[in-house]
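J.: Quick one: structure below, then a few questions.
The values are calculated or read from the model by the stated rules, or taken from the named source; none is laboratory data. Note that this is a predicted model, so its numbers are computed, not measured. Reconstructed Cβ throughout: ideal geometry from the backbone, glycine too, with neighbour counts over all protein chains shown. Ligands, DNA and RNA are excluded from the accessible area calculation, which covers all protein heavy atoms including side chains. Shrake-Rupley method; radii C 1.70, N 1.55, O 1.52, S 1.80 Å.
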Amino acid sequence: MKKVALMFAASLLAASAHAEEPIKIGFISTFSGPQGVLGRELLEGFKLGLESSGGKLGGRAVELIQADDQGKPDAGRQAADKLVERDGVQIVTGINFSNVMLAVAKPVLDAGVFVYSINAGPSQYAGQLCNPNYFNVSFQNDTPSEAMGIYLTQKGVKRVYLMAPNYPAGKDFLAGFKRTFKGDVIGEVYTAFGQLDYAAEIAQLRAAKPDAVFFFYPGGMGINFVKQYSQAGLKAEIPLYGPPFSLDQTVLPAMGDAAVGAFASTFWSESFDNPASKKFVTDFEAAYNRIPSPSAAQAYDGARLLDAALTSIGGKIEDKDAFRKALQTVSFDSVRPGFRLNTNHHPIQDFYLTQIENDDRGRPIMALREVIVKQHPDSFVEKCKLPL
């Protein structure tokens, strides 16, 4: 009887120790180079989400350990190995590029650590490579461009020219567009990842004379492409369409008037008027003195979903089965009305058409125009065989 009592006391002490230890999160993102703005936006949105719950998750302190992947898969893998093996993180998040995610996810998952994407959405992990401990709370790469393909088809656009960088997300984004667009794709160009001069490609585009251009270029790539497109005089001739990340607050301030008039399909805009979104925008502007992007919004949502899930299980992240179930099923006040996770741990959400215009302070914003499609799932969920 005494032995049982001692064992019970030891288990209580262990549980108490767990409750006192901080939850360790490895935040790998791109913080340097032309794409560094992307990592900053995700980190600041995530931190704001943490602040909304008092800097804790499920009542437990958080140790957030940052690492710069430099936009390179090998650097991301090295950072992940250190975070898992040396720092003992329980969650890896923050990755913005899909090629980095594809290098990082398997070794992290093999180590029994949760991968929690607040941006990168490679198609592989929505389908055949789906994993019980892999969650994406942002978007699957194909879905924003699927929405734009639906919209342009509805509007009767016949001939579209496509451009993207040659890496996994670029291919996913264009594949998504082609999946839903019923007109003719008269050009499909993949440029080098990190390329900043598009003069030759823009000349080829002009010669093709499309009805519209759909492009995906995040970060510095998008800034240069849109500026050069406008400087070439094409802005007034051929409408420009893109997903978020090519035409949002990560790039719009640098694009300026060159982006005004372009269209984007998105799951969130700074123009949303629901209470959760309005509070987020107000708090973000107060904290960082700028308008947030969809990247910041999905990172903010990511932190708030973690808090809701961990709160529902008393902060016990060590109980992986309970944590996994809570992430999948818990409700929280999202900035995206109708947001929920599908059976492959990827979002089902609404998509909207926005157009870039200047607000009353002369700042370019994503102004809402109309709903394109409601409750849109990704196209790979049927290939995922996770237990329900």
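J.: Quick one: pull the percent of accessible area on region 344-388 belonging to carbon and sulfur, 1.4 Å probe, ligands and nucleic acids left out.
T.: Exposed carbon and sulfur together represent 51 percent of the surface.
J.: Let me ask another. What angle, in degrees between 0 and 90 and rounded to the nearest 10, separates the Cα long axis of helix 199-208 from the longest principal axis of the Cα atoms of the chain?
T.: 60
J.: Determine the per residue accessible area of region 319-388 with all protein chains present and a 1.4 angstrom probe, expressed in square angstrom. Each step should come with its number before you reach the end.
T.: Values: 3610 Å² over 70 residues.
Value returned for region 319-388: 52 Å² of accessible area per residue.
J.: Quick check: residue separation of VAL260 and ASP319 times 0.36 nm, minus the Cα distance between them. What number comes out in nm? If you can, show how the numbers build up before the last one.
T.: Working: separation 59, 0.36 × 59 = 21.24 nm, distance 4.91 nm.
Working it through step by step, the gained length comes to 16.3 nm.
J.: Sequence-distant or interchain residues sharing an amide H contact under 5 Å with VAL373, placed H: which?
T.: So VAL373 has HN proximity to PHE351.
J.: Still on this structure, please answer the following. Leaving out ligands, DNA and RNA, and with a 1.4 Å probe, what % of the accessible surface on region 201-250 is carbon or sulfur? Mind showing how you got there, number by number?
T.: Working: 740 of 1550 Å².
On region 201-250, the fraction of accessible area on carbon and sulfur atoms equals 48 percent.
J.: With springs only between Cα atoms under 10 Å, which of ASP87, ASP110, ASP283 fluctuates most in a Gaussian network model of the chain?
T.: Highest fluctuation among the options: ASP110.
J.: Return P(r) of region 21-162 (all Cα-Cα pairs; 5 Å bins starting at 0; whole %; ordered from short to long distances).
T.: 2, 10, 18, 20, 18, 13, 8, 5, 3, 2, 1, 0
J.: A further question follows. Rounded to the nearest angstrom and ordered from largest down, what semi-axes does the equivalent ellipsoid of region 272-360 get from its C-alpha gyration tensor (root of 5λ)?
T.: Values: eigenvalues 161, 50, 18 Å².
Its equivalent ellipsoid spans semi-axes of 28, 16, 10 Å.
J.: Also, quick follow-up: Determine the per residue accessible area of region 54-118 with all protein chains present and a 1.4 angstrom probe, expressed in square angstrom. Mind dumping the intermediate values first?
T.: Details: 2440 Å² over 65 residues.
That works out to 37 Å² for each residue.
J.: Further question: How much FRET efficiency would the formula 1/(1 + (r/R0)^6) give for GLN124 and ARG361, where r is the Cβ-Cβ distance and R0 is 45 Å, rounded to 0.05?
T.: Working: r = 42 Å, r/R0 = 0.93.
According to the calculation, E is roughly 0.60.
J.: Then there is this: Tell me, what is the per residue accessible area of region 147-218 in Å², probe radius 1.4 Å?
T.: On the way: 2900 Å² over 72 residues.
Spelled out: the 1.4 Å probe surface of region 147-218, per residue, equals 40 Å².
J.: Assign unit charges at the C-beta atoms only (+1 for Lys and Arg, -1 for Asp and Glu), then state the dipole size of the chain relative to its Cα centre in Debye, rounded to the nearest 20.
T.: Working: 39 positive and 41 negative charges, 138 e Å.
It comes to approximately 660 debye.
J.: Of PRO243, PRO275, PRO34, which has the largest mean-square fluctuation in a 10 Å C-alpha GNM of the chain?
T.: The residue with the greatest mean-square fluctuation here is PRO275.
J.: Report Rg/Rh for region 186-291, rounded to two decimals, where Rg is the Cα radius of gyration and Rh the Kirkwood radius. Please list the in-between numbers first.
T.: Working: Rg = 15.3 Å, Rh = 14.9 Å.
Rounded to two decimals, Rg/Rh equals 1.03.
J.: Shifting gears a bit: Kindly report, to the nearest 10 Å², the accessible surface of ARG159 as traced by a 1.4 Å probe over protein heavy atoms only.
T.: 80
J.: What are the extents of the Cα atoms of region 344-388 along their three principal axes, in Å, largest first?
T.: Principal extents (largest minus smallest coordinate, Cα): 50, 16, 13 Å.
J.: Using a probe of 1.4 angstrom, how much of the accessible area of region 80-199 is carbon and sulfur, in percent?
T.: Details: 1850 of 3880 Å².
With neighbouring chains kept in place, the figure for region 80-199 is 48 percent.
J.: Exceeding 29 Å between C-alpha atoms, which entries from my cross-link table qualify? They are LYS24/LYS106; LYS279/LYS374; LYS47/LYS227. Walk me through the numbers before you get to the answer.
T.: Working: LYS24/LYS106 19 Å; LYS279/LYS374 23 Å; LYS47/LYS227 31 Å.
Violating the 29 Å limit, Cα to Cα: LYS47/LYS227.
J.: Next question, about the same structure. Is it possible to state the helix-based mean residue ellipticity at 222 nm for the chain, with each DSSP H run of 4+ residues giving -39500 (n - 2.57), the sum divided by total residues, to the nearest 500 deg cm²/dmol? What is it? Working shown, then result.
T.: On the way: 12 runs with 158 residues, N = 388.
After summing the helix terms and dividing by the residues of the chain, the value is -13000 deg cm²/dmol.
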